[in-house]
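Take a look at the structure below.
The values are calculated or read from the model by the stated rules, or taken from the named source; none is laboratory data. As the structure is a prediction and not an experimental result, all values here were calculated from the model. Because the Cβ atoms are built from the backbone with ideal geometry, glycine has one as well, and the counts that use them run over all protein chains shown.
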Amino acid sequence: MRVAITGAGGFLGSRVAHVLAADARVTALRLVDHTGLPDLAGAERLTGDLTDPSLRAALIDGADAVIHLAAIPGGAAEADPALARRVNLDASIALLEALRGTKVRLVFASTVAVLGDALPPEVTDDTAPSPTLLYGAQKAMVETMLATSARRGWVDGVALRPSGIVARDGADAGLKTAFLSRVFYALQRGQDITLPVAPDGTTWLSSVGVVAQNFAHAALLADLGPRRVLTLPALRVRFDALVAALRDTFPHSPAQVSYDPDPAIMAAFGRHPPLLTPAAEALGLRRDANARALVRAAF
């Protein structure tokens, strides 16, 4: 199987590339990004901008599956709405149109940000999107078009919604979610950190390795089934339990962890309810087993 990855130079994209490179079912790998492409033996590397029609054509030429990860995320999308529209919305819709009528599998990276902040007591496969951020709204628009295209038989595709992918070293401190990754490395390096959440707050987290395996699995799966927008399984974890798992992993770390809850951050990332994802799990998509497994996978 010949697989192409957009955003292959990114945190998740580079891990997906390594997962696929190690899979015997993958006969060719095409990596696409504007910079930072991983150096994998035998992989084709394309550098450019997905808003360029010629790059999109080269991306899908001869491919059996495309994993579309390239995006302008959260804060960057809010800061530059025009760029975010060109990349997150226009280029993604153009890619969908280019795949119309082909047999190329499309795996689109959406986000749990499509669900918004005002979550119900329990999030299920049937929870309706209600995005508050531009990034989430744009992803929701592409989800809708992908699902409609799949129902009409135009495209064989699925949108996957990951949440809380950890742990990116050097995560931009300006991002509201940066603390979710920085706490991992603070404990590893013995650096004190103050978390903008309450110790009994809850959030959804996934290790980058498990998310990468889920995207690869969806690209290689023989039959996606009827549901074409899937919230990926994630571990619902208390912040104090996460810190405890990190202390178990780094028992000699002198790092001190304190809490100074920020109401806005708590509302967005610190009160996540139970997450039920039976549709994704039925396809073999999975979550980290527990907080300790999450920490091990993150490192």
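Overview of results
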| quantity | calculated |
| --- | --- |
| Verdict on Pro233 being under 12 Å from the mean Cα position of the chain (by Cα) and part of a loop (DSSP other than H, G, I, E, B) | yes |
| Qualifying position, being assigned by TED's automatic domain parsing to the domain that holds Val87 and in contact with an Asp or Glu (Cβ under 6 Å, 6 or more places away or on another chain), among Arg30, Arg15 | Arg30 |
| Residue within region 193-203 that is among the hydroxyl-bearing types (Ser, Thr, Tyr), crowded, with 17+ Cβ neighbours inside 10 Å, touching a strand residue (DSSP E or B) at 6+ places or on another chain (Cβ under 6 Å) and closer than 22 Å to Arg15 by Cα present | no |
| Of all residues making up region 1-32, the number that are modelled with pLDDT of 95 or more and either assigned to a helix (DSSP H, G or I) or of a type in the set (D, E, K, R) (or both) | 14 |
| Qualifying residue in region 164-185 (condition: in a helix (DSSP H, G or I) and either farther than 24 Å from Met266 by Cβ or touching a Lys or Arg at 6+ places or on another chain (Cβ under 7 Å) (or both)) | yes |
| Matching option when the condition is farther than 30 Å from Ala65 by Cα and in contact (Cβ under 8 Å) with a residue 12 or more places away in the chain, among Asp240, Asp288 | Asp240 |
| Output for region 85-116, where each listed residue is outside any helix (DSSP H, G or I) and touching a strand residue (DSSP E or B) at 6+ places or on another chain (Cβ under 9 Å) | Thr102, Lys103, Val104, Arg105, Leu106, Val107, Phe108, Ala109, Ser110, Thr111 |
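Residue-wise test of (1) in the same structural domain as Asp117 (by TED's automatic domain parsing); (2) buried (at least 23 other Cβ atoms within 10 Å of the Cβ).
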residue	(1), (2)
Ala150	yes, no
Gly153	yes, no
Ala159	yes, yes
Gly170	no, no
Arg182	no, no
Tyr185	no, no
Gln188	no, no
Gly209	yes, no
